[in-house]
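Readers should treat all values here as calculations from the given coordinates under stated rules, not as data from a laboratory. Here the structure is a predicted model, which is why all the values come from computation and not from measurement. Ideal geometry is used to build each Cβ from the backbone, glycine not excepted, and the neighbour counts take in all protein chains shown.
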Amino acid sequence: MTDSAKNIDLAGLRVAIVHEWFVDYSGSERLVEQMLNLFPQADLYAQVDYLPDDLRWFIKNKKVKTSFIQKLPRARTKYRSYLPFMPLAVEQFDMSDYDLVLSNNHAVSKGVITGPEQLHICMCCSPIRYAWDLTHQYLRESDLDRGLKGWLARYFLHRIRLWDHRTANGVDEFIAISNYISKRIKKVYGRESTVIYPPVNVSGFEFTPDKDDFYLTVSRMVPYKKVDLIVEAFSEMPHKKLVVIGEGPMYDKVKSKAGSNVTLMGYQSFDIMKDYMRRARGFIFAALEDFGIVPLEAQACGTPVIAYGRGGSLETVVEHRTGILFDEQRVEAVVEAVTRFENTEDGFDPLEIRKHAERFSIERFQNEFRAFVQNTVDDFFSKEPVSTSHRLKLKSRPEKVPEQEKIKPE
């Protein structure tokens with residue numbers, strides 16, 4: 001359609017949002033929250049819904065249509081163990097009544113079945129990590145790299161890869177949460193994608209130019225987050241203080257490596273976490289992340305970030321302007337990066353760091369996502385037969401998001 005053409009009214013669309021599972025409010029759930037702000041009329045689907053009452057506000061207290069996994073034994077705590085059944089489960093969702101299907105995918109949600117007259121847009125946090133390039137790491141960390149269980153796991157992951165690749169054909173348009181994920185989508189599915197960075201609640205974090213003399217890391221304690229690596233590195237720098245906020249299955253292992261200069265606080269409330277984040281001398285981040293919202297939250301406080309220089313960190317941390325990057329996930333690399341940071345610390349401007357984080361705001365995401373969906377809907381339904389598109393309401397086309405307002409890699 002040309003710029004002079006009319007827009008389809010998004011409010012008149014019948015919309016389904018398909019999420020993986022509702023159990024908490026973290027990175028991918030923030031995407032669902034913003035989708036619902038654009039499409040408050042949308043129905044929600046997920047494998048399971050165990051969202052507590054005090055968190056249901058972000059889905060506008062909507063009822064979630066769940067799969068048969070919701071009724072399986074111990075699904076509340078062991079829903080991830082039912083991954084072998086999830087491809088079948090997601091295919092049972094009936095999408096036939098909807099004009100637009102939005103899948104929020106990092107496992108199986110893009111596998112919903114849609115017809116040729118329905119538009120399916122996938123917001124891809126990642127192709128299934130443990131089935132593709134992280135397969136061998138997953139098997140090692142789960143003690144599934146040997147024995148009969150190991151062979152069964154390998155066979156299951158092989159079947160998942162076949163299914164995952166096939167179901168990519170059912171997606172009309174992919175949105176990637178980073179250039180790193182866009183490359184993974186191209187590698188795995190052979191598909192192009194549009195990068196729209198996730199929303200960061202920058203306004204929810206207080207800018208503080210004056211810092212205290214401690215470093216901070218905030219993370220769930222699971223293997224790929226490499227919290228044990230950070231703690232071990234600071235244990236070799238006994239004159240530097242490290243505060244660790246978070247809990248998880250690796251807590252005891254992390255604690256065993258902590259020296260007297262390392263304080264493990266476990267789980268803390270959001271307000272306490274924010275207070276430490278705004279006061280920290282530097283934020284340490286050693287994970288290979290698809291995007292990584294927490295380092296940007298630290299930068300929103302004006303706090304420099306010392307991060308592993310792969311994955312999403314390359315797109316959210318600007319070397320020598322908002323932080324320092326290290327090349328390897330090794331103790332020596334972290335120690336060397338902290339030393340480099342302290343040698344150049346005076347060159348970091350907290351206000352510039354804050355302004356960098358503001359480029360990833362919620363408002364920016366809303367504008368880019370709305371413009372992408374509007375243009376895609378217009379193009380898709382303008383090619384559909386009258387029987388499909390006659391009932392869709394038209395309105396004047398809003399201006400596109402100016403190109404210079406979109407975030408581009410530094």
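How about segment 111-147: which trypsin sites (Lys or Arg not before Pro) there lie in a loop by DSSP and see at most 11 other Cβ atoms within 10 Å?
Numbers: sites: ARG129, ARG140, ARG146; in loops: ARG146.
Sites meeting the loop and neighbour criteria: ARG146.
Note on HIS120, HIS165: ascending count of other Cβ atoms within 10 Å places them as HIS165, HIS120, the fewest first.
Note down the relative contact order for the chain as a percent, whole number, built from C-alpha pairs under 8 angstrom at least six residues apart.
Computed value for the chain: 15 percent relative contact order.
The value for segment 25-139 of Rg(Cα) / (2.2 N^0.38 Å) is 1.09.
Annotation for segment 172-227: GluC sites (Glu not before Pro) lying in DSSP loop with at most 16 further Cβ atoms inside 10 Å of their Cβ are GLU192, GLU206.
Can you classify segment 276-371 as rounded, prolate or oblate using the Cα gyration tensor, where a ≥ b ≥ c are the square roots of its eigenvalues, rounded means a/c under 1.5, and otherwise it's prolate if a/b beats b/c and oblate if not? Don't skip to the answer; put the middle values down first.
Working: a/c = 2.34, a/b = 1.48, b/c = 1.58.
It is oblate, given that a/c is not under 1.5 and a/b is not larger than b/c.
Taking a ≥ b ≥ c as the square roots of the Cα gyration tensor eigenvalues, with a/c under 1.5 meaning rounded and otherwise prolate when a/b beats b/c, else oblate, which class fits segment 202-358? Here segment 202-358 falls in the rounded category. Go through [x] 61, 48, 48; [y] 74, 46, 44; [z] 72, 56, 40 and flag the label whose value is the computed Cα extents along the principal axes in Å for this structure. Of the labelled values, this structure produces [z].
Checking the cross-link pairs LYS78/LYS226; LYS211/LYS241; LYS78/LYS257 against a 19 Å limit on the alpha carbon distance flags LYS78/LYS226; LYS78/LYS257 as lying beyond it.
Sort ARG76, ARG161 so that the residue with the fewest other Cβ atoms within 10 Å of its own Cβ comes first and the one with the most comes last.
ARG76, ARG161
Could you work out how far helix 179-189 tilts from the main Cα principal axis of the chain, as a 0 to 90 degree angle to the nearest 10? Rounded to the nearest ten degrees, it is 50.
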